[in-house]
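What follows is a single structure, written as structure tokens, with notes after it.
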């Protein structure tokens, strides 16, 4: 115990004086230096790894940018065989699948989180919470397998034909269907990001002070009003964090999406048909690809990171604005 | 079932080879006198190490052949084959000086364009490499249509139209006409194809192009099969499904109602669902044949003059020939010197080169009763078709041109 106190006590300013005054405290100063060296050293390693990784990605994507230019973002034809690298179908697919996942998962997830904290009987709360955490730990390839073996045939046989029927063959759901589709990928992603949203929102909701909830109830607010006006707004920081994290996972999910999306590079208006995402396309086509194609895949991964970073930034912006609004 | 069988077969081969090694000299003397160069045991001196990388089509063959050969040559160390794909295999052998790869595996022989793609300055000429056929396989067409049993008759024109998006229904008149006995549903056809660079796609599109040449309006496959990013998906309809590797295509067909797709023949044997619905394809003689080992061998036999520039063996004009077939190849440097083998000096390079050509020669041949199993016997156990005798001879003819740094022969 005493040693532990000794190591933290001397400040950086005090160290030189100690060294000059006598040998007795020198070992302490040395351990202090070692402490700072370790701290800075490990932090430096972390920074170097991150920077080196990003530089590697960007460096490897240079030939692609030289070859394809902005066409990599705006081009609609992905045909490596004829050296045509239009990334728009891949970018659109990435955004579409993530959007479907969030549109479906956010309302379900937040409602479920509120229910777990405030509506479900307390003896069910813990098992339910553990169950949600368990789902979050299931490897994505398992979700992909269920998607391929169970959901794809259902989508081909029932879900998509039904959608076409009830919407009057609306263009978003039209065409010949194989089951493998943007919609199926979005649905699988919904299932995958739900546990993340539920678990993190639940933690945030649980931290909303009880006095506030009771206060609202005591002034005559109904339970529904309290949940809507007090509990959810009170937990918005955590909920926004949960949604941002879910968005990042949905945008970058690779194997499960690659398994169910059909790997089709056509820019189709129909969500009922196959498509592809940046991550899925990288996984499906980098084997034996030429150097130029691989460079283009690197460039796409840079685009994907930019998209994910923008989503994070947007989340922070929203949070910042919401917090400012709350203070006024 | 099948896997177990394969594993058992491998074990037998290895055990057999080990036994032969123990009983070595006596057998060797007999075999040498009979003029058979493939002895039950093999020696290369001094000890050497080689490695190969490339085509995944050839991977099952390499994975069983390498331990079997290592068991019969105590001086040989052959590193595990890396199934990185044909394109990478070619790049690795071109840059052998830095990758340390001694042979590259590819399903379509390397050409000048492939060298240019992988090299910026001081590039080697294509004549500096030799390319050896080491395996033969077929591409089967399988479908998943409820109520439609195996043996549906299809031809290249119909397949081209399905993959072009011209024929969209299973009960299209073109398909009905060839299959009066089948009850075909009015369902939409879902074509399945490869998302990755693939020799299987090459062989399939090569067949479509060659076999539809005489057709006029529809049913023409206008896209030349190329070697890199060999995919067809840029040309296929938007409702098609793309999947990675033969295994991915196989499971997509098995899971998608009303689908059709092409996979390497051994994958059809491995998948019960696929094996239950295999199309008979019209060959060059106009006869419909389902893929069989015999049919693939019969087709290959019709193309005796195969080499690394004329290698297509699709659409053979033989009664029993199955028309969608292809070889898989090994690419090696003709000159086995220190820089091409990534070794310390030319002496080591010669030993490495000798082991390399001896291994590939053994791999490309069938054994005899006195020699025990050789590479092509192992290939047969793995679901490949043994190379025809004339192609085995071609492999030897090609391999003897590989030389050491002083232009000396290696076998």
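Summary of computed values
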| item | result |
| --- | --- |
| Selection from the range B:255-288 of residues that are over 30 Å from residue A:259 (Cα atoms) and crowded, with 24+ Cβ neighbours inside 10 Å | B:283 |
| Total residues in the range A:135-153, condition free of Cβ contacts under 8 Å to residues at least 60 places away in the same chain, in a helix (DSSP H, G or I) and away from chain B (no Cβ under 11 Å) | 2 |
| Residues that are at pLDDT 90 or above and over 21 Å from residue A:311 (Cβ atoms), drawn from the range A:263-273 | A:270, A:272, A:273 |
| Subset tally (residues that are more than 18 Å from the chain's Cα centre (by Cα) and more than 8 Å from chain B (Cβ to nearest Cβ)) for the range A:252-266 | 3 |
| Where residue A:294 falls short, out of the listed (1) facing another protein chain (nearest Cβ under 9 Å); (2) at pLDDT below 90 | (1) |
| Some residue of the range B:345-355 being part of a loop (DSSP other than H, G, I, E, B) and in contact with a helix residue (DSSP H, G or I) (Cβ under 7 Å, 6 or more places away or on another chain) | yes |
| Residue match in the range A:199-222 (condition: without any contact (Cβ under 8 Å) to a residue 60 or more places away in the chain and either touching a strand residue (DSSP E or B) at 6+ places or on another chain (Cβ under 7 Å) or more than 21 Å from residue A:115 (Cα to Cα) (or both)) | yes |
| Residues of the range B:361-390 that turn out to be at positive phi and modelled with pLDDT of 90 or more, as a count | 0 |
| Any hit, the range A:158-166, residues being more than 21 Å from residue A:143 (Cβ to Cβ), outside any helix (DSSP H, G or I) and within 12 Å of chain B (Cβ to nearest Cβ) | no |
| Residue match in the range B:263-276 (condition: assigned to a strand (DSSP E or B) and closer than 17 Å to residue B:144 by Cβ) | yes |
| The one condition in (1) within 13 Å of chain B (Cβ to nearest Cβ); (2) in contact with a strand residue (DSSP E or B) (Cβ under 9 Å, 6 or more places away or on another chain) that residue A:299 fails to fulfil | (1) |
| For residue B:116: the one exception among (1) buried (at least 20 other Cβ atoms within 10 Å of the Cβ); (2) within 14 Å of chain A (Cβ to nearest Cβ) | (1) |
| Matching entry among A:269, A:249 (being surrounded by fewer than 23 Cβ atoms within 10 Å (Cβ to Cβ), within 18 Å of residue A:97 (Cβ to Cβ) and within 14 Å of chain B (Cβ to nearest Cβ)) | A:269 |
| Of all residues in the range B:65-78 being touching a residue at least 12 places away in the same chain (Cβ under 8 Å) and closer than 16 Å to residue B:351 by Cα, the one that is nearest to the chain's Cα centre (by Cα) | B:78 |
| Selection count where residues are at the interface with chain B (Cβ under 8 Å from one of its Cβ atoms) and surrounded by fewer than 24 Cβ atoms within 10 Å (Cβ to Cβ), scope the range A:272-283 | 1 |
| Output for the range B:234-257, where each listed residue is in a helix (DSSP H, G or I) and either facing chain A (nearest Cβ under 7 Å) or more than 20 Å from the chain's Cα centre (by Cα) (or both) | B:251, B:252, B:253, B:254, B:255 |
| Any hit, the range A:240-250, residues being at negative phi, touching a helix residue (DSSP H, G or I) at 6+ places or on another chain (Cβ under 7 Å) and at pLDDT below 90 | no |
| Candidates A:182, A:177 - the one that is modelled with pLDDT of 95 or more, surrounded by 24 or more Cβ atoms within 10 Å (Cβ to Cβ), within 14 Å of chain B (Cβ to nearest Cβ) and touching a helix residue (DSSP H, G or I) at 6+ places or on another chain (Cβ under 6 Å) | A:182 |
| Entirely in the range B:123-217, the helices (runs of 4 or more DSSP H) that have 2 or more residues that are at pLDDT below 95 and within 14 Å of chain A (Cβ to nearest Cβ) | B:156-164, B:199-211 |
| Residue in the range A:115-135 that is surrounded by fewer than 20 Cβ atoms within 10 Å (Cβ to Cβ), in contact with a helix residue (DSSP H, G or I) (Cβ under 6 Å, 6 or more places away or on another chain), within 25 Å of residue A:238 (Cβ to Cβ) and modelled with pLDDT of 95 or more present | no |
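To keep it simple, each residue is scored yes or no on (1) buried (at least 16 other Cβ atoms within 10 Å of the Cβ); (2) away from every other protein chain (no Cβ under 14 Å).
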site	(1), (2)
A:48	no, yes
A:53	no, yes
A:68	yes, yes
A:74	no, yes
A:78	yes, no
A:83	no, no
A:93	yes, no
A:100	yes, yes
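The values are calculated or read from the model by the stated rules, or taken from the named source; none is laboratory data. Quick caveat, the model's predicted, so the values are computed rather than measured. No Cβ is skipped: glycine too gets one built from the backbone with ideal geometry, and neighbour counts run over all protein chains shown.
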